[in-house]
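**Student:** Please find one structure pasted underneath; my questions will follow.
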Amino acid sequence: MRQQEIEIPPISRSVHGAIFRSCQKFPDKTALVGNGGRAPCFSYRELENAVSRLAGGLKALGVGQGDRVGILSENCPEWAVAYLGILTAGAMVVPIDASLTSNELTRFFRVADLKVLFCSPRWFQPVSDLIILNALGFELFNLIGEGTGTLRGLSGKSENFEVEIQSSDPAVLIFTSGTTGDPKGVILTHQNLLGNLNSMVRTLPLYEDDIFLSVLPMHHTFEATCGFLLPLFAGLTIVYARSLKSRDILGDIAANKVTCLIGVPLLFEKIYNAIRRKIEELPPLKRVTLKAFYETSRMGWKIGRKPGTILFKNLRRKAGLGSIRLLVSGGAPLPARVAEWFNMIGFNFLPGYGLTECSPVVSVNRANDIQFGSVGPPLPGIEVEVDDPSADGVGEIKVRGPQNTPGYINNPKATSELLREGWLFTGDLGKIEDGHIYITGRKKNLIVSGGGKNIYPEEIESELNLSENVLESLVMGRNKSAKIGEEIWAVVVPDLEQIKLATQNDISGDPGPEQVRDIIAREVNLVNSRLAAHKRIARFEIRLEELEKTTTKKIKRNLYI
């Protein structure tokens, strides 16, 4: 029998103070589980002790308020201990992308001005070499292991101590990727993060026995706030996935009876496509039965019922997702059909929206108020408006609330462009209908037709990506030769495995370049038939390798435009 919903935690002045309250309330409960359940666990009592001892060790090292301490590692319980220990010492956490190259790391270190860095064994020797080669002035500690030069060795040097923390003090410094210039450092205060945590815990349907699976990289604000701080804030359990491989994720879900998963659209689209392909392999009678179940579920939704919870119980179990109750998607646009499908087959699947500068969550659909295609209403305490809306209500989304960053560190020009008259201007275009926010695209990605009409490439990409023969796509505007306006180009990555399966009865051997191009051309024409004339794709090119992405699976658009 499911336990009761979580109690709303009391107001705290610091992030670590709020989590220490969970430690004292649930001392014997499991807080952190490493390597999909194959590594030692931390109870809440052990977590508090490890964090307190690390804070004492950092003080003995001379780390204090205003200092910056970095973490460079794959997801693991020690990452969480380091993060909370740094905060308890009064310093700022600087999360670092573990996919950076040595050249990118060198550039990052020169900008970040670290005093200490914790890194995983994978990075320890390369970073040691960079410190020597570039005369970098920070101390390095291995996140894993025993003895001198490790997190545990540092933790054993001193007991905990008290640091007076104000809610307005910086907690985290997050550097942007800096693909078009020097990276900007986003300041998030204790108040920013606590404001976001308090809003989310009042919004998401969380229960005392919930177990989160941590899949996304922890250096990213979406995972750090929603997949790390939120469950600890609420006194729940976190399991760190063994890898990003689908088989490992499903195995970790089953072995640990995971109930909550925070992910990006690419993860959920892969699950969606994998299950749908399995359904297509079923005998005709079973396929017809599942289709009837789906239509029954849709009719139930229209009258406020959710029959898919029961009708698709066996399907969810066979897919390895039988224990999952709550799925939250963010970080990038998600096709409305995918969100609808997950909800129809019995999940609480809640698309949301946010950005690093907002700590990061701005809005999310509610379990009892889902509008497919929207990113939900704003969280409690957050105001959202559309700036200078067009005739169809679309304009730049602006946000006001306690979760907004005070700005970029040492960058008053960028801060003044971001924050104006109490509002944070997101750079995202969208509209608000019936209290729900609908994101149409990024302001800088906007395509303008020769007739002056605005075209949002994300809308066209969503249509293309719904094809089983398309793995992913990128849509952009390119200037017409000697003409006004832009024409629409698409870069399409075909799903060669699916195309091979679909054509195995028609051709012998693997499909060649011409066959692949013909299939993609048909898909482009089909998409164009569903779009207004000014939105139609004029030209496309095929790319056989996946598009290069950030660690949160956003396409690096600037590389292709």
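The values are calculated or read from the model by the stated rules, or taken from the named source; none is laboratory data. It should be emphasised that the depicted structure is a prediction, and the values quoted were computed from it without experimental measurement. All Cβ positions, even for glycine, are placed from backbone atoms using ideal geometry, and neighbour counts span all protein chains on display. Keep in mind that these areas ignore ligands, DNA and RNA; they rest on the heavy atoms of the full protein, side chains included. Shrake-Rupley method; radii C 1.70, N 1.55, O 1.52, S 1.80 Å.
**Student:** Where residues in region 383-404 are among the β-branched types (Val, Ile, Thr) and over 20 Å from the mean Cα position of the chain (by Cα), which of them is nearest to residue 170 (Cα to Cα)?
**Tutor:** Here is the first cut: in region 383-404, the ones among the β-branched types (Val, Ile, Thr) are 384, 386, 394, 397, 399.
Still in the running and over 20 Å from the mean Cα position of the chain (by Cα): 384, 386, 394.
Values: 384: 24, 386: 29, 394: 34 Å.
Result: 384.
**Student:** Follow-up. From the list 100, 114, 136, which residue is open to solvent by less than 20 Å² (accessible area, probe 1.4 Å), part of a loop (DSSP other than H, G, I, E, B) and farther than 25 Å from residue 24 by Cβ?
**Tutor:** Values: 100 fails: open to solvent by less than 20 Å² (accessible area, probe 1.4 Å); 136 fails: open to solvent by less than 20 Å² (accessible area, probe 1.4 Å).
After ruling out the rest, the residue left standing is 114.
**Student:** Condition first: surrounded by 21 or more Cβ atoms within 10 Å (Cβ to Cβ) and not aromatic (Phe, Trp, Tyr). Now tell me which residues in region 446-462 satisfy that.
**Tutor:** Restricting attention to region 446-462, the residues satisfying the condition of being surrounded by 21 or more Cβ atoms within 10 Å (Cβ to Cβ) are 447, 455-457, 460-462.
Listed by number, the residues that qualify are 447, 455, 457, 460, 461, 462.
**Student:** Taking only pairs six or more apart or across chains, which ones have beta-carbon atoms under 9 Å, a first residue in region 141-156 that is over 16 Å from residue 55 (Cα atoms), and a second residue that is charged (D, E, K, R)?
**Tutor:** So the pair list comes out as 144/78; 144/152; 145/152; 146/152.
**Student:** Would you mind finding the one in 45, 21, 38, 68 that is among the basic types (Lys, Arg) and open to solvent by less than 40 Å² (accessible area, probe 1.4 Å)? Quick ask: steps written out before the conclusion?
**Tutor:** Values: 45 fails: open to solvent by less than 40 Å² (accessible area, probe 1.4 Å); 21 fails: open to solvent by less than 40 Å² (accessible area, probe 1.4 Å); 38 fails: open to solvent by less than 40 Å² (accessible area, probe 1.4 Å).
Within the list 45, 21, 38, 68, the selection yields 68.
**Student:** Restricting to region 281-316, count the residues that are touching a residue at least 24 places away in the same chain (Cβ under 8 Å), part of a helix (DSSP H, G or I) and open to solvent by 60 Å² or more (accessible area, probe 1.4 Å). First the steps, then the outcome.
**Tutor:** Taking region 281-316 first, the residues touching a residue at least 24 places away in the same chain (Cβ under 8 Å) are 290, 294, 297-298, 301, 306, 308-313, 315-316.
Keeping just the survivors that are part of a helix (DSSP H, G or I) gives 290, 294, 297-298, 301, 308-311, 313, 315-316.
Now narrow it down to the ones that are open to solvent by 60 Å² or more (accessible area, probe 1.4 Å): 298, 309-310, 313.
Within region 281-316, residues that are touching a residue at least 24 places away in the same chain (Cβ under 8 Å), part of a helix (DSSP H, G or I) and open to solvent by 60 Å² or more (accessible area, probe 1.4 Å) number 4.
**Student:** Also: Keeping to region 509-548, report how many residues are out of contact with any helix residue (DSSP H, G or I) (no Cβ under 6 Å at 6 or more places or on another chain), farther than 16 Å from residue 490 by Cβ and surrounded by 14 or more Cβ atoms within 10 Å (Cβ to Cβ).
**Tutor:** Qualifying residue count, region 509-548: 1.
**Student:** For region 202-223, name all the residues that are assigned to a helix (DSSP H, G or I) and open to solvent by less than 10 Å² (accessible area, probe 1.4 Å).
**Tutor:** Of everything in region 202-223, those that are assigned to a helix (DSSP H, G or I) and open to solvent by less than 10 Å² (accessible area, probe 1.4 Å) turn out to be 221, 223.
**Student:** Then there's this: If you check every pair at least six apart or on different chains, which have Cβ atoms under 6 Å apart with a residue in region 243-254 that is closer than 14 Å to residue 211 by Cβ first and a residue that is at pLDDT 95 or above and in a helix (DSSP H, G or I) second?
**Tutor:** Pairs that qualify, where the first residue is closer than 14 Å to residue 211 by Cβ and the partner is at pLDDT 95 or above and in a helix (DSSP H, G or I), are 252/36.
**Student:** What do you reckon, is residue 82 in contact with a Ser or Thr (Cβ under 7 Å, 6 or more places away or on another chain), touching a residue at least 60 places away in the same chain (Cβ under 8 Å), part of a helix (DSSP H, G or I) and closer than 27 Å to residue 190 by Cα? Don't jump to the end; show me each part of the working.
**Tutor:** On the way: in contact with a Ser or Thr (Cβ under 7 Å, 6 or more places away or on another chain): no; touching a residue at least 60 places away in the same chain (Cβ under 8 Å): yes; part of a helix (DSSP H, G or I): yes; closer than 27 Å to residue 190 by Cα: yes.
When the stated conditions are applied, residue 82 does not pass them.
**Student:** Then there is this: How many residues are in a helix (DSSP H, G or I) and not hydrophobic (A, V, I, L, M, F, W, C) when one looks only at region 548-561?
**Tutor:** Our first condition is that a residue be in a helix (DSSP H, G or I); within region 548-561, this holds for 557-559.
Add one more test, that the residue is not hydrophobic (A, V, I, L, M, F, W, C), and what stays is 557-558.
The qualifying residues number 2.
**Student:** So, one more: Just checking, does region 227-249 include any residue being closer than 25 Å to residue 336 by Cα, open to solvent by 10 Å² or more (accessible area, probe 1.4 Å) and under 13 Å from the mean Cα position of the chain (by Cα)?
**Tutor:** no
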